[in-house]
Structures are given as C-alpha cells and as structure tokens.
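Heads up: the structure comes next, in structure tokens.
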Amino acid sequence: MAIQLYISKKNFDVQKAERYFKERRIQVQVMDLKKHKLGERELQTMAKAVGLENLLDKDDKKVREHPACYCSIPAALTQYILESPWLLKAPIVRSGNHVTVGYCPDVWATWQ
C-alpha cells in the first residue's frame, strides 16, 4: 500500500511524520504542493475522509486572513484550496482512502 505525504510547508509535524516513516523503513511518496498541483480528485478523497474544513490550517495567521477560512460553500472552498495549497494543514498523509491531517502515529500504525 503506497503512502503519500502531502506537504505545503515544512513544519515540526512534517519533520516528525517523515522521521516516523523513515525509522520504520516505510517507503513514502512526498508530494510538495509548491511543485506538484493537488488534483481535484485527490482533494475530494481527502475531504471525504476528514472533511473539507478540517484540511485548512486555521492556526496560521496568513490562512485566517484568507476568505477560504470563512467560506461555507464546498465548491468555492475547493477552488480556493486548489489555487492556494498553502491553505492546507501539513502534513496530510494518505494511504488509499485513509487520510490523516497532522501527526497521527497511532492511526498510521493501523494501516500496516
């Protein structure tokens, strides 16, 4: 089962997630959202698993100033995220239809 690690910014949780998989010799495909655009289908899979609102990094001051933080229309929110991947919380870890946002080693352990 391929594990994908979506990152839009390097933060402490991203580093811990990378270390978690490296220590367990689990191969991970790192998707830097600054270089690779997030597809609409990928975003829909993530939203279905954790909810579109939960993907936003509302702790970040820059994100709180963006209209996406206050948008309740799913189609508009999807467009905001596709155009500005820096709005996403990092890391987002995906394995098939399983998705987590942030550092969640307890959940990742069940994916084996």
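The values are calculated or read from the model by the stated rules, or taken from the named source; none is laboratory data. Given the structure is predicted, the values throughout are model-derived calculations rather than measurements. Cβ placement follows ideal geometry from the backbone for every residue including glycine, while neighbour counts extend to all protein chains displayed. We work out accessible area using only protein heavy atoms, side chains counted, and drop any ligands, DNA or RNA first. Shrake-Rupley method; radii C 1.70, N 1.55, O 1.52, S 1.80 Å.
Ligands, DNA and RNA are left out, and with a 1.4 angstrom probe the accessible area of the chain is 60 Å² per residue. Whenever you get a sec, compute what percent of the accessible area on the chain sits on carbon and sulfur atoms (1.4 Å probe). Carbon and sulfur together cover 50 percent of it. Dipole magnitude for the chain: computed about the Cα centre from +1 point charges on Lys and Arg Cβ and -1 point charges on Asp and Glu Cβ, it is near 320 debye.
Two decimals is fine: what's Rg over Rh for region 38-77, C-alpha atoms, Kirkwood radius as Rh? Before the final figure, lay out each step's value.
Values: Rg = 10.4 Å, Rh = 10.7 Å.
We get a ratio of 0.97 for region 38-77.
Subtracting the Cα-Cα distance of Q44 and R19 from their residue separation scaled by 0.36 nm leaves 6.3 nm. The Cβ shell under 11 Å around I7 holds other residues with a net charge of +2, Lys and Arg each +1, Asp and Glu each -1.
Within the assembled protein chains, the solvent-accessible surface assigned to S72 is about 100 Å², based on a 1.4 Å probe.
Descending by average beta-carbon neighbour count within 10 Å, the peptides 90-100, 61-71, 40-50 line up as 90-100, 40-50, 61-71, the highest first. For the chain, the spread of Cα coordinates along the three principal axes comes to 40, 25, 25 Å, biggest extent given first.
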